[in-house]
Amino acid sequence: MVDWEDIRHFLAVAQSGTLSGAARNLKVDHATVSRRLASLEAALDVRLIDRLPRSCRLTTIGRQVFERAMEMEAGSHGVARLAKAAHAPLVGRVSLSAPPVLVTHLLAEHLARFRADYPDIRLSLSAQGRQISLSRREADVALRLVKPNEAGNVTRKVGAMAFGLYAHRCYAHLAVPESWQFIAFDQSFADMPQQQWLLGIAGGRPVACELNHISEHLIAVRAGAGVAGLPCFLGDRDRDLVRIDPAVPSFARDIWLAVHRDLRKTPAVRAVMDFVAAVVSEHRDLSIN
């Protein structure tokens, strides 16, 4: 009989490519991962992984087992989702994954309101910029700036986050556009739409500094470090900032709400989705109306 925990550890190694990466993802030590992998290979009497100096590579049979194991994992998550959906009352824990800028500067500000409306629901709010898997139960609900395309998800557009150019009202070069210096993301974000939009505006003008979170851009522009492209709902409410150069090309990121189809009618999950949609739509600079 194959132990499911052995399969779960094998999947983590196959997906991360290293034993240490699997250990981090599973929050166990390296030795546990190695032991579980050896146990599965012994039970199946095959070698599933080639252990290389810096990585792990699936063998031919390992790739075949991996595909079947993924099906098993999807099935186990499906059972868990159905069980969760069966708990009809407005009680329990619901996990929501959202971009850091929306968690920090929008959703967290309304948690007291959610708690007052739904005192028996524990909302677990996670600030994550990366794509997550609802099928693998990495979250119950996801708010994203790119439309999720994972099979089994139900998605809808709930808003649009407009961006503008901002500087501190005392920025040294405020009245001299040709001397503006810009606050941007680093090279790892080269494909991100707002990075391309900002660098297109900057043209040949210099980048003063690189920071990888919008909240950091906000702090830097408040300090007078340069000109930043900020979400308008963030920049417009800061009294120390001014929106500059209204002639720049308009830019916005769509805001998408996603849930797995097995959970979309669960009352507690539905309550969280309605709360998120309402908070976004109530904000003038995020609403699609």
>> Per residue, how big is the convex hull of the range 103-218 when only Cα atoms are used? Give it in Å³.
In response: 147 Å³
> What residue among Phe275, Pro53, Leu145 has its Cα farthest toward the positive end of the dipole of the chain, where the charges are +1 on Lys, Arg and -1 on Asp, Glu, each on the Cβ?
Replying inline: Phe275
> How high is the FRET efficiency between His213 and Asp45 when r is their beta carbon distance and R₀ equals 45 Å, given to the nearest 0.05?
Replying inline: 0.40
> So what is the relative contact order for the chain, in percent, with contacts set as C-alpha pairs under 8 Å and at least six apart?
Replying inline: 21 percent
> For Arg122, which sequence-distant residues (separation of 5 or more, or a different chain) have an amide H within less than 5 Å of its own amide H, given hydrogens modelled in the peptide plane?
Replying inline: Gly92, Arg93, Val94
>> Based on C-alpha coordinates, I'd like the Rg and Dmax of the range 131-289, in Å.
In response: 17.9, 56
> Sorted from largest down, what three extents in whole angstroms do the Cα atoms of the chain have along their principal axes?
Replying inline: 73, 51, 28
>> To check my understanding: the extent here is largest minus smallest coordinate of the Cα atoms along each principal axis. What are those three numbers for the range 1-53, in Å, largest first?
In response: 27, 22, 17
> Where Lys and Arg each count +1 and Asp and Glu each count -1, what net charge lies around Ile219 among other residues with Cβ under 14 Å from its Cβ?
Replying inline: -3
> Mind checking the log10 I(q)/I(0) for the range 91-159 at q = 0.11, 0.28, 0.29 Å⁻¹? Debye, one equal scatterer per Cα, no solvent, two decimals.
Replying inline: -0.27, -1.34, -1.36
>> Output wanted: per-residue J couplings in Hz (rounded whole) for the range 165-179, from phi through Karplus 6.51 cos²θ - 1.76 cosθ + 1.60, θ = phi - 60°, x for Gly and Pro.
In response: 8, 9, 8, 5, 5, 9, 4, 4, 10, 3, 8, 10, x, 5, 9
>> What does the charge count around Asp274 come to, taking other residues whose C-beta lies under 13 Å from its C-beta (Lys +1, Arg +1, Asp -1, Glu -1)?
In response: +3
> Quick one: net charge of Asp240's neighbours, Cβ under 10 Å, K/R +1, D/E -1?
Replying inline: +2
>> As a test of reading the structure, rank Glu216, Glu109 by solvent-accessible area (1.4 Å probe, protein chains only), most first.
In response: Glu109, Glu216
>> Please list, ordered by chain and number, the residues whose modelled amide H lies under 5 Å from the amide H of Ile49; skip anything fewer than 5 residues away on the same chain.
In response: Thr59
>> Quick one: 3J(HN,Hα) in Hz for the range 137-147, Karplus 6.51/-1.76/1.60 with θ = phi - 60°, rounded, Gly and Pro as x.
In response: 6, 6, 6, 8, 9, 10, 10, 9, 9, 10, 5
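The values are calculated or read from the model by the stated rules, or taken from the named source; none is laboratory data. Here the structure is a predicted model, which means the values were calculated and not measured. Using ideal geometry, Cβ is built from the backbone for each residue, glycine included, and neighbour counts are taken over all protein chains shown. The area values use the complete protein model at the heavy-atom level, side chains included, leaving out ligands, DNA and RNA. Shrake-Rupley method; radii C 1.70, N 1.55, O 1.52, S 1.80 Å.
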